[in-house]
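S.K.: My structure is below; once you've seen it, I'll send some questions.
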Amino acid sequence: MAKLTVRDLNVNGKRVLLRVDYNVPLEEQGGQMVITDATRIVETLPTLRLLIQQGGRLVLAAHLGRPKGKREPSMSLRPVAARLAELLGCNVNFADDCIGEAVEKMAAALPPGGVILLENTRYYNEEEANDPAFSENLARLADIYVNDAFGAAHRAHASTEGVARVVTKRGGQCAAGLLMERELKFLGDELDNPARPFVVILGGAKVSDKIKVIDRLLEKADSILIGGAMAYTFKLAQGFKIGQSLVEKDKTDVALAALAKAKERNVQFLLPTDNTVVTPVKTDKLNKKGRPVIEFTNPRNLAENNIPDNEEGVDIGPATAAKFAEVLRGAKTILWNGPMGIFEDKRFATGTNAVAQAVVEATQQNGAKSIIGGGDSVKALNQAKLGDKVTFMSTGGGASLEFLEGRELPGVAALNNK
Ligand code: AMP
């Protein structure tokens, strides 16, 4: 069922409580917390501008980090208010709290088009506990509730779920912001009836994180291409040697079930046939967790399925990358989640970059719709400076995966239907 969106509202003169995802990376520099990547703030600007233009009085709520119910100064949203003001080109008032009389007064005094950013909702344990009284207190700031925080929509917290219930109960409207609307369109509607061939690329560390997505997509996709460490659980299940590669030995049955389902449904299911491998060597250095740092020595391409006992697979090999690129070239819809190797290390980003390039080519030359399902694949595309050459990049990590599993997200479910 389609959700009400900000386009359907008349917000003129009304207080709009807008939940945004401002969980931005911060770094301490000279005693101050500095935002190192403002993408999440930038992503909310269209919704903010629309609501401001229409004379809404905006009260923004967000969380930052995990302060666990304490006023942790390093997790204050104050620097975000300053950056938002710069980006919006208008004044943004910062409220030192997210509930209470003083904040209510600030909200009451807001002129049409005015903006307040509330302090971190997670300074209260009641936020994550979805505490009804806390939700009521948040709702005292709102005539209308808008949720634009897709990245937090898989959590049933007070500011993402509870408050929407309160506002709805007293007859107020609860709608999706423009960013949320786009996420639901691309990760939802576009994939419900995809133009074919529909090719899915999945990678990353663990099969267990993505098996539900694989299972659901086996019912929709024409081809599924698997890379990353996740592939080694499949390879082990097929009886190949995987050496020291990262693997989930207890998930081989799950892998076999997916392979059987692919066969039964006639879905092309491709695994790597060659790999970039290294010899991992323990060093005397210790990492932050006190464990020995492993150095990856002797990187080489291994043009066969079995990986020797002392070596580890860290990327898909060139033949696999070429095969994946060939399949992608013919695609009309592409969904990609998870890197093909340890892409953070440039030496092992080749496979991920080849896939990124193929996705971009299919988009630009074949008119394919390319949807990047959040997390590390977005990082990899941005790292390769290709982020603006795909159709859509999700802002959600966990939320994207849960949504792709076909689950209803609590923060979405709580919004009004059209
Ligand atoms: P995920 O969050 O599940 O998408 O996993 C992303 C992580 O998987 C990245 O940090 C990659 O470095 C890691 N990864 C991908 N391929 C491998 C591999 N072959 N061995 C170890 N880690 C990998």
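S.K.: It is to be established whether one or more residues within region 389-407 are acidic (D, E), away from the ligand (no atom under 16 Å from the Cβ) and more than 14 Å from G203 (Cα to Cα). Spell out the reasoning first.
M.R.: Taking region 389-407 first, the residues acidic (D, E) are 402, 405.
Restricting the remaining residues to those that are away from the ligand (no atom under 16 Å from the Cβ) gives none.
Checked against the condition, which is being acidic (D, E), away from the ligand (no atom under 16 Å from the Cβ) and more than 14 Å from G203 (Cα to Cα), region 389-407 yields no hits at all.
S.K.: If only one of E344, E361 is assigned by TED's automatic domain parsing to the domain that holds V314, without any contact (Cβ under 8 Å) to a residue 24 or more places away in the chain and either of a type outside the set (A, V, I, L, M, F, W, C) or away from the ligand (no atom under 12 Å from the Cβ) (or both), which one is it?
M.R.: On the way: E361 fails: without any contact (Cβ under 8 Å) to a residue 24 or more places away in the chain.
It is E344.
S.K.: Under the condition of being within 22 Å of K220 (Cβ to Cβ) and outside any helix (DSSP H, G or I), which residue from region 231-281 is nearest to the ligand (Cβ to nearest atom)?
M.R.: Ranking the candidates gives L271 first.
S.K.: Limited to region 217-230, what total is found for residues that are assigned to a loop (DSSP other than H, G, I, E, B) and more than 11 Å from the ligand (Cβ to nearest atom)?
M.R.: Looking only at that region, the number is 5.
S.K.: Is it fair to say T160 is of a type in the set (V, I, T), surrounded by fewer than 21 Cβ atoms within 10 Å (Cβ to Cβ) and not in a strand (DSSP E or B)? Don't jump to the end; show me each part of the working.
M.R.: Details: of a type in the set (V, I, T): yes; surrounded by fewer than 21 Cβ atoms within 10 Å (Cβ to Cβ): no; not in a strand (DSSP E or B): yes.
It is false that T160 is of a type in the set (V, I, T), surrounded by fewer than 21 Cβ atoms within 10 Å (Cβ to Cβ) and not in a strand (DSSP E or B).
S.K.: Kindly indicate whether any position in region 365-383 is more than 18 Å from the chain's Cα centre (by Cα), β-branched (V, I, T) and not in a loop (DSSP other than H, G, I, E, B).
M.R.: Checked region 365-383: no residue is more than 18 Å from the chain's Cα centre (by Cα), β-branched (V, I, T) and not in a loop (DSSP other than H, G, I, E, B).
S.K.: Please determine whether any residue of region 325-339 is within 14 Å of the ligand (Cβ to nearest atom), part of a helix (DSSP H, G or I) and surrounded by 24 or more Cβ atoms within 10 Å (Cβ to Cβ). Steps first, answer last, please.
M.R.: At the first step, the residues of region 325-339 found to be within 14 Å of the ligand (Cβ to nearest atom) are 335-339.
Now restrict to residues that are part of a helix (DSSP H, G or I): none.
No, there is no match, as no residue in region 325-339 is within 14 Å of the ligand (Cβ to nearest atom), part of a helix (DSSP H, G or I) and surrounded by 24 or more Cβ atoms within 10 Å (Cβ to Cβ).
S.K.: Among the residues of region 163-201, what is the count of those that are touching a residue at least 40 places away in the same chain (Cβ under 8 Å), charged (D, E, K, R) and not in a loop (DSSP other than H, G, I, E, B)? Break it down into steps so the answer makes sense when it comes.
M.R.: Of the residues in region 163-201, the ones touching a residue at least 40 places away in the same chain (Cβ under 8 Å) are 163-165, 167-168, 173-184, 186-188, 190-191, 194-201.
With charged (D, E, K, R) added as a condition, the list becomes 165, 181-183, 190, 196.
With the extra rule that they be not in a loop (DSSP other than H, G, I, E, B), the set shrinks to 165, 181-183, 190.
Residues in region 163-201 being touching a residue at least 40 places away in the same chain (Cβ under 8 Å), charged (D, E, K, R) and not in a loop (DSSP other than H, G, I, E, B): 5 in total.
S.K.: Those residues that are surrounded by fewer than 21 Cβ atoms within 10 Å (Cβ to Cβ) and within 9 Å of the ligand (Cβ to nearest atom), I need them from region 205-216; list them, please. Steps first, please.
M.R.: Of region 205-216, the ones surrounded by fewer than 21 Cβ atoms within 10 Å (Cβ to Cβ) are 205-206, 208-209, 211-212, 215-216.
Scanning region 205-216 gives A205, K206, D209.
The values are calculated or read from the model by the stated rules, or taken from the named source; none is laboratory data. All figures in this text were calculated on a predicted structure; none of them were measured in a lab. All Cβ positions, even for glycine, are placed from backbone atoms using ideal geometry, and neighbour counts span all protein chains on display.
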